[in-house]
Every structure is written in structure tokens, then in C-alpha cells.
Amino acid sequence: MTDGPDDAAALGRRLLGALSAASDHPEAELRIAASIGISVFPGDQGTAEALLTNAELAMRRAKAEIRGSLRFFTSALHEAAVTKATLATALPAAMRERQIFLVYQPIVDLQTGTIVGCEALARWRHPTLGLLPPGQFIQIAEETGQIRDLGLYILDRAIGEFSAALPDGDDGVTLSVNLSFGQFAEEELVDVIRDELARTRFPATRLELELTESMLAQEPERAIEMTRAVSALGCKLAIDDFGTGYSSLAQLRRFQVDFLKIDRSFVIDIAGGDGPQGVVRAAIAMGHSLGLAIIAEGVETVEQAEFLRREGVELAQGYLFGKPMPIADLAEMHRRQAGRGDIAAPGKRPAPYPGSTKLH
Ligand code: C2E
Ligand code: CA
Ligand code: CA
């Protein structure tokens with residue numbers, strides 16, 4: 001019998017300890033993990049049912065954060081669950097009423113600083129909660145079976161806006177769209193993309209799709225098949241958040257991809273000297289050895305850009321070049337750059353980015 005929160009936690013820790021000891025099997029490596037959620041009477045809720053619901057909520061949070069840990073129920077957990085349910089219910093109307101919209105972040109050539117593409121990033125302007133970042137609703141759409149609809153809404157809207165603002169030309173600016181795990185796992189994904197391209201008459205070669213390294217690593221066989229099918233359509237593929245997903249070189253070799261996006265966390269570390277820079281160099285070398293072009297994410301300083309350029313990184317994206325913006329602004333930025341390119345005297349290349357003039 002336990003009396004209070006401390007006793008419950010002590011019991012929980014004993015249980016976790018006993019379970020991990022049980023995994024010491026002499027012949028096979030077995031791993032048993034448990035996550036524990038605790039709700040306390042009478043503090044949390046009065047009824048047995050509410051206590052169980054709250055304990056389950058705490059358990060799910062423990063599982064999501066650190067497997068094999070324990071967590072107490074808090075009112076913040078309850079509020080988060082309520083917000084989640086509210087957003088999940090509001091999602092269909094949010095798409096219908098176009099509260100969910102896209103901003104576009106420039107992707108530039110590191111040698112010239114000119115825009116070669118852009119990445120569509122979703123936002124939700126919620127009538128009462130304000131502007132919500134994608135982290136607050138993409139996952140909810142996944143968990144409530146709405147990701148297929150949301151994914152198609154985003155793809156369709158991105159293609160529509162991009163083609164209107166940057167009509168077909170020979171400038172080769174591309175559109176990148178993120179795919180989430182739920183879309184990636186969907187059998188019909190390739191058909192959905194093919195149909196969308198046919199319906200909109202959008203050239204496949206202008207579309208790039210981003211899949212995170214962890215998605216690819218999670219289901220490598222599916223990833224091999226899917227990346228091949230998507231590139232057969234003519235679209236390009238990028239491995240997003242590279243460096244966070246633990247895929248092996250042997251595995252990467254089998255995916256049919258074109259770009260490797262080095263995660264922002266590694267770019268931030270560039271200022272940290274030789275050690276962290278070595279990690280970035282290794283990622284670049286790995287990408288290049290596979291014949292992929294590298295896109296560095298989250299480039300905020302001239303020092304980072306210069307380092308990446310010296311190391312042979314082809315493309316970059318980050319606040320230094322432009323924050324995510326409405327498509328009209330991106331198109332305007334592109335037109336200004338194209339104009340500037342025309343008037344630049346031969347042999348006198350414009351500065352690739354603010355602060356880099358001294359290098360030219
Ligand atoms: P991501 O694909 O890695 O997108 C890059 C994120 O880094 C974006 O955050 C962008 O605003 C931010 N960022 C870019 N440059 C800089 C920089 O220089 N400094 C800093 N501090 N941040 C920078 P955002 O828009 O909040 O998106 C977060 C994530 O949500 C994205 O990460 C992506 O995984 C997901 N996401 C966004 N839009 C969509 C979408 O339409 N579909 C899906 N499935 N996921 C999306
Ligand atoms: Ca991305
Ligand atoms: Ca990324």
C-alpha cells in the first residue's frame with residue numbers, strides 16, 4: 001500500500017527497476033521497458049474514472065518523452081490534451097476556410113546568393129489561439145487520421161500559389177514541400193502526387209519533396225520503393241534533418257534521393273570550433289560521396305555561410321538569406337535578384353549575401 005505521491009513514485013521506480021532487471025536473459029538480448037503515469041487522489045480528480053484517465057495521460061507523456069520513465073499527472077497535461085482535442089476537431093474547417101496557409105523560405109545558391117528554390121512551410125491562423133506553428137498541428141493531424149487531407153491541401157495550395165507567383169520560366173526555381181510520416185506510410189502516396197501533377201499541369205521537375213532522415217530509417221524497405229517511384233515521376237527528393245536519424249551509409253545508398261539537408265543543429269555548432277566542424281565536414285563528405293547536393297539549413301550568420309561555402313556546400317537556407325515569407329514577397333525578391341544579375345558588370349559578381357562583400 002502506498003500513501004502519497006512520494007510513495008507512489010518510489011513504487012514506480014521499484015517496478016521499473018525490477019522490469020529492467022528481468023531483461024537480463026542469459027541467451028537472448030531482451031529489452032523490457034515500461035512507462036508509468038501517476039495520478040493522485042484527492043489532489044487530481046475525485047472519481048476513479050478521472051484518476052485512471054489522468055494516469056493514462058501521464059503515462060503517454062512519459063512514453064513520448066523518455067521511455068522507461070515515470071511521470072505525474074499535472075493540470076498542464078490536462079490542458080494540453082484539451083487543446084489537442086479542440087484543434088483536431090477544428091482542423092477540417094481550418095482547411096475549408098483557409099486558416100491554414102503557407103509561407104515560403106528561399107533556398108539560395110551559396111556561390112551567388114541567388115534564389116534557386118523555396119520551401120513551403122505551413123502555419124495556422126486560428127481564430128482564438130492566434131498563429132500556430134506546424135509543430136502544433138501536423139502531429140495532431142497524424143494522430144487523428146487527417147494527415148492525408150492536410151498533406152494534399154498543402155501540396156495543392158503550394159503548387160497553386162507557386163505557379164501563379166512564379167510562372168513557368170526557364171529560371172529553374174523549384175518548390176519544396178514537406179511530407180509527414182503519415183503521408184510517407186500511405187500506400188497511395190505516389191498516385192496522389194501523380195494525380196496532383198496531372199491535374200495542375202505542374203512540371204514534376206520543379207517539385208521537390210522532403211522526407212526526414214528518421215522516416216526513411218524507420219521503414220527503409222518502404223523508403224527505397226517509394227523514393228524510386230517518386231523519382232520516376234520526375235520529382236526530386238531531399239533527406240530532411242540529416243544527422244538526426246541514424247541511417248547508415250549502406251542504407252542511404254539505396255534511397256533514390258537528390259539532396260541532403262544538413263540539420264540546423266549542426267549548422268549552429270559551426271561556431272564551436274574544430275570538433276563540431278568535423279561533424280559537419282563528415283556529413284558533407286557523406287552526401288557528396290553519394291552524389292547528392294547539400295542544402296544547409298538554418299544559416300543565420302555570415303561565418304556559417306562562409307564556412308559552408310568553403311566546404312563545398314552547394315545550397316543554403318536560413319534567416320541570413322530570408323525568413324519564411326508570403327509567396328508574393330519571395331517572387332518579388334527573386335525578380336529583384338534577376339534584375340540585379342542583368343545589370344551587374346561582367347566579372348563583377350554581386351555579393352552573395354549581406355556582409356560578404358569583402359570576399360569579392
Ligand atoms: P523543417 O522542414 O526542418 O523546416 C525548417 C524549419 O526551420 C522551419 O520552421 C523554418 O522556419 C525554420 N528555420 C529556417 N531557417 C531558420 C534559421 O535561420 N533559424 C532558425 N532558428 N530557424 C529557421 P517551421 O516553419 O516552424 O517548421 C517546423 C517543422 O514543421 C518543419 O521543419 C517541418 O518538419 C514541419 N513542417 C512545416 N511545414 C510543413 C508541412 O507543410 N508539412 C509537413 N509535413 N511538415 C511541415
Ligand atoms: Ca523541411
Ligand atoms: Ca529540416
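The values are calculated or read from the model by the stated rules, or taken from the named source; none is laboratory data. These numbers were taken from a predicted model, which means no experiment stands behind them. Cβ placement follows ideal geometry from the backbone for every residue including glycine, while neighbour counts extend to all protein chains displayed.
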Seminar exercise, completed: Pairs returned, first residue in the range 112-126 that is within 16 Å of Ala316 (Cα to Cα) and within 16 Å of ligand 2 (Cβ to nearest atom), second residue that is acidic (Asp, Glu) and part of a strand (DSSP E or B), beta-carbon separation under 9 angstrom, 6 or more apart or interchain, are Val116/Asp109; Gly117/Glu208; Glu119/Glu208; Glu119/Glu210
Exercise. If you take the residues of the range 192-245 that are within 13 Å of ligand 2 (Cβ to nearest atom) and among the acidic types (Asp, Glu), which of them is farthest from Ser176 (Cα to Cα)?
Worked result: Glu213
For this session: For Val108, state whether it is of a type in the set (Val, Ile, Thr), part of a strand (DSSP E or B) and touching a Pro at 6+ places or on another chain (Cβ under 9 Å).
Result: yes
Seminar exercise, completed: Checking Met226, Met215 in turn, the sole residue that is in contact with a Phe, Trp or Tyr (Cβ under 8 Å, 6 or more places away or on another chain), without any contact (Cβ under 8 Å) to a residue 40 or more places away in the chain, under 27 Å from Arg264 (Cβ atoms) and buried (at least 18 other Cβ atoms within 10 Å of the Cβ) turns out to be Met215
For this session: Might you let me know whether the range 200-215 holds any residue that is touching a Gly at 6+ places or on another chain (Cβ under 7 Å), within 13 Å of ligand 3 (Cβ to nearest atom), hydroxyl-bearing (Ser, Thr, Tyr) and farther than 30 Å from Val302 by Cβ?
Result: yes
Exercise. Is one or more of the residues making up the range 137-156 within 11 Å of ligand 1 (Cβ to nearest atom), at negative phi and among the basic types (Lys, Arg)?
Worked result: no
Exercise. Out of all the residues in the range 124-173, which are surrounded by fewer than 17 Cβ atoms within 10 Å (Cβ to Cβ) and assigned to a strand (DSSP E or B)?
Worked result: Arg125, Gly130, Leu131
Exercise. If you scan the range 285-313, which residues turn out to be more than 16 Å from ligand 3 (Cβ to nearest atom) and part of a helix (DSSP H, G or I)?
Worked result: Ala285, Met286, His288, Ser289, Val302, Glu303, Ala305, Glu306, Phe307, Arg309, Arg310
For this session: Please enumerate the residues belonging to the range 221-250 that are in contact with a helix residue (DSSP H, G or I) (Cβ under 9 Å, 6 or more places away or on another chain), at negative phi and modelled with pLDDT under 90.
Result: Thr244, Gly245, Ser247, Ser248, Leu249
Exercise. Hey, among the residues in the range 252-266 that are of a type outside the set (A, V, I, L, M) and in a strand (DSSP E or B), which one's nearest to Val230 (Cα to Cα)?
Worked result: Phe259
